[in-house]
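**Q** Sharing a structure below in structure tokens format, with a few things to ask.
All of the numbers you see were taken from the coordinates with simple rules; none came from a lab. Being a predicted model, the structure only gives us computed values, none of them experimental. Note: ideal-geometry Cβ built from the backbone for every residue, glycine included; neighbour counts use all protein chains shown.
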Amino acid sequence: MRRTGGDPRTAALAPVVAGAAISALVALVVGLAVSCGPSPGGENAAAAQKSAEAAGPAMPSPAGAPVPIDPPEYSPVEPVIGESFADPTVIKVAGTYFAYGTNSADATMPVATAPSPTGPWRRSPGDGLAHLPAWATEGWTWAPEVVPPRAGSRSYVLYFSARRKDSEHQCIGAATSTSPAGPFVPLEGDPLVCPLDRGGAIDPASYIETDGTRYLLYKTDDRKTAAIHLVRLNPDGLSLAGAPKQIMGRGAGEPVLVEAPDLVRRGGRYVLLYSAGWYFKPNYQTRYAVASSIGGPYEKAAGPLQSTGGYAKKIEGPGSADVLTDESGDYLVFHGILDYHGGSKVTRGMYVARLGWDGARPAVRGVPVRYEAERARLNGCVSALGREHASGGTAIGPFSRSNCRVDVPVFAPAPGRYSMSARYANRSGGDSDLELSVNGRAATSLRLPATDGADWGIVAASVELSGGWNTISLRRLGGGQGQIDYFELR
């Protein structure tokens, strides 16, 4: 989804996309609306922990009330579209959400609609793209991007990548429609972006500054030089207004290449989400980098934001992420691998997860985040202890007397119910009972059954959290002297 540079949570939100057969109806609805008036213990967990530490010990107050905002049957690790719908992008128009995806067997640009980001999603009949431009050939139309009308214009702008008829290179074209449902009609003539000396271009993504300045991001497609570029557009978004600039290349430790950019502004900084790796392999992942200027330099976060390991294999190859903003906050829309068919042939479905922000640091609902216990606030009577088989070689304990307490600051991407688990050891011979409180309110109790020898156990409790930073406190109630290795929020 394409957005303006200001934080959309404090400004009007942009509209959304759809399919050809319902064009007239959607156009009428939109017209009326306009006339009337936003792994366990994996690399991602380590990155989140490191980022939280870098922010310093002082934590902001929790944002909002702990009231779930998504339906109870929804899960961020289950596809909302369980069929081919790769490289998704979503926008909202007049109360309806529209999603576009990479070409499938029955559409050059498949379109789906839903009453909310979490669904239910339904494929629209027909094709969202009327036809391809003369320079393009069928079957290679990838990663669409739709931008709602701006500054008095009535046209929705679509950016897409397609294969040239005269070569094996992909290039980026543009199309327009008066309705988000399409059909979008492509501009004829040369492609909008087509750097043949760099292997062509794919994965267009639009970004609009608060002053209306428009930009396009894309990936150059040669494997050896694959990189993410930024170019300024003219006010109508249909032609280039400057020379492109490379703003990111593959870094050490990143698989194969970088692609699928998506740019937002959060916490007063530019946050560039991108994918790394081959889209058809399990190590495909979402990463991010941050800059104070749109042109960079961008500083990459340590480790992925989303990965197969981060999801404990509940989602494989998560990537091509796109930020959707509505009046309730942000969602991350992305694809994951549903089936492997050999070689580079995979079926990728669409997923939607709540997205929260600790300043410019993103946090995704559904990705477990580990908090090492020794980094909690120990409050004087619980100490850090060296333990050979503990995560990081350190645990905390024992809870040697009544009212011993630790406070664990945890970040929740959105308000709702979470599972808080603890890896522990209790070699005192008897169970140990702890009171679990959330933001100063007693919530439940946590029992640490006795463990044998060098064994560690796992206990979990369900807690209601506010969106943002929360403090989970554990206080000894009875006997036993447990030790805790780490906490995990999911």
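**Q** Determine the relative contact order of the range 370-489: mean sequence separation of Cα pairs under 8 Å and six or more apart, normalised by residue count, in whole percent.
**A** The value is 38 percent.
**Q** Then there is this: Calculate the FRET efficiency for L477 and A134 from the Cβ-Cβ distance with a Förster distance of 56 Å, rounded to the nearest 0.05.
**A** That pair, L477 with A134, gives E of 0.15.
**Q** Measuring from label point to label point, each 7 Å out along Cα→Cβ, what is the R447 to L196 span in nm?
**A** If labels sit at R447 and L196, their model points lie 7.4 nm apart.
**Q** Under the 0.36 nm per residue contour assumption, what length would be gained going from the current alpha-carbon distance of V256 and I458 to full extension? List each step's numbers first, then the result.
**A** On the way: separation 202, 0.36 × 202 = 72.72 nm, distance 3.63 nm.
In short, 69.1 nm is gained.
**Q** Another question, then. Roughly how many nanometres apart are two label points built 7 Å out from the Cα toward the Cβ at T347 and S293?
**A** Result: 4.8 nm between the two label points.
**Q** A further question on this structure: S179's amide H: which non-local residues (gap 5+, or another chain) put their own amide H closer than 5 Å, with H modeled 1.01 Å from N in plane and none for Pro or chain starts?
**A** Y156
**Q** Which listed residue (L129, G249, S116) has the Cα farthest towards the positive end of the charge dipole for the chain, taking +1 on Lys and Arg C-beta and -1 on Asp and Glu C-beta about the Cα centre?
**A** G249
**Q** Taking each pair of distinct Cα atoms in the chain once, what is the resulting Kirkwood hydrodynamic radius in Å? Mind showing how you got there, number by number?
**A** Numbers: mean 1/r = 0.0424 Å⁻¹.
With all distinct Cα pairs of the chain included, I get 23.6 Å.
**Q** While we're on this one: State the extension gain, in nm to one decimal, for the chain segment bounded by D431 and A243, taking 0.36 nm per residue of separation less the distance between their alpha-carbons.
**A** Between D431 and A243, full extension yields an extra 60.9 nm.
**Q** For a quick check: sort T225, T325, T137 by the number of other beta carbons within 10 angstrom, fewest at the front.
**A** In order of increasing Cβ crowding within 10 Å: T137, T225, T325.
**Q** For E83, enumerate residues with amide H under 5 Å from its amide H, sequence gap 5+ or separate chain, H modeled in the peptide plane.
**A** Correct list: M350.
**Q** Work out from phi, with θ = phi - 60° and the Karplus expression 6.51 cos²θ - 1.76 cosθ + 1.60, the ³J(HN,Hα) of each residue of the range 335-350, listed in order in whole Hz, and give x for Gly and Pro.
**A** Residue by residue, the range 335-350 yields 10, x, 7, 9, 8, 10, 10, x, x, 8, 8, 9, 9, 10, x, 9 Hz.
**Q** What distance in nm separates the two pseudo spin-label positions at E188 and S400, each 7 Å out from Cα along the beta-carbon direction?
**A** 8.5
**Q** Now for a different question. With every atom except the alpha carbons ignored, what do you get for Rg and Dmax of the range 370-489, in angstroms?
**A** Expressed in Å, the Cα Rg and Dmax of the range 370-489 come to 13.3, 39.
**Q** Helix-only estimate, please: 222 nm mean residue ellipticity of the chain, summing -39500 (n - 2.57) across DSSP H runs of length 4 or more and dividing by its residues, to the nearest 500.
**A** -1500 deg cm²/dmol
**Q** For the range 370-489, give the magnitude of the charge dipole about the Cα centre (Cβ charges: +1 Lys/Arg, -1 Asp/Glu; no others), in debye to the nearest 20.
**A** Numbers: 13 positive and 12 negative charges, 63 e Å.
It works out to roughly 300 debye.
**Q** What are the ³J(HN,Hα) couplings of the range 467-472, residue after residue, when phi is run through the Karplus curve with 6.51, -1.76, 1.60 and θ = phi - 60°? Round to Hz, x for glycine and proline.
**A** Ordered by residue, 3J(HN,Hα) equals x, x, 7, 10, 10, 9 Hz.
**Q** Each residue of the range 153-160 in turn: what ³J(HN,Hα) in whole Hz from Karplus with 6.51, -1.76, 1.60 and θ = phi - 60°, glycine and Pro shown as x?
**A** Karplus values, whole Hz, x for Gly and Pro: 6, 10, 9, 7, 10, 10, 10, 8.
**Q** Now for a different question. In this model, which of K92/K345; K313/K345; K224/K281; K224/K314; K165/K245 are farther than 21 Å apart at the alpha-carbon?
**A** K92/K345; K224/K314; K165/K245, as the Cα separations exceed 21 Å there.
**Q** Then there's this: In what order do C404, C171 fall by count of nearby beta-carbon atoms within 10 Å, going from fewest to most?
**A** Values: C404 19, C171 25.
Fewest-to-most ranking of C404, C171: C404, C171.
**Q** Further question on the same structure: Using r as the Cβ-Cβ distance of E83 and K313, and R0 as 25 Å, what FRET efficiency do you calculate, to the nearest 0.05?
**A** Efficiency, from the Cβ-Cβ distance: 0.75.
**Q** What residues have an amide H closer than 5 Å to that of I91, excluding those fewer than 5 places away on the same chain, when H is modeled at 1.01 Å from N in the peptide plane?
**A** V17, F98
**Q** Still on this model: If we count other beta carbons within 10 Å of each Cβ, what is the order of R269, R441, R475, fewest first? Present the calculation step by step, with values, prior to reporting the outcome.
**A** On the way: R269 16, R441 9, R475 20.
Listed from fewest to most nearby Cβ atoms, that is R441, R269, R475.
**Q** Right, next: Can you give the extra length, in nm with one decimal, that the chain gains between D407 and R223 once fully stretched, where that is 0.36 nm per residue apart less the Cα-Cα distance?
**A** In short, 61.5 nm is gained.
**Q** Picking from G467, A181, P282, whose Cα lies most toward the positive end of the charge dipole for the chain (charges on Cβ: Lys, Arg +1; Asp, Glu -1)?
**A** Value computed over the given set: G467.
**Q** Also, quick follow-up: Quick check on packing: order 255-265, 425-435, 386-396 by the mean number of other C-beta atoms within 10 Å, highest mean leading.
**A** Listed from highest to lowest mean packing, they are 255-265, 425-435, 386-396.
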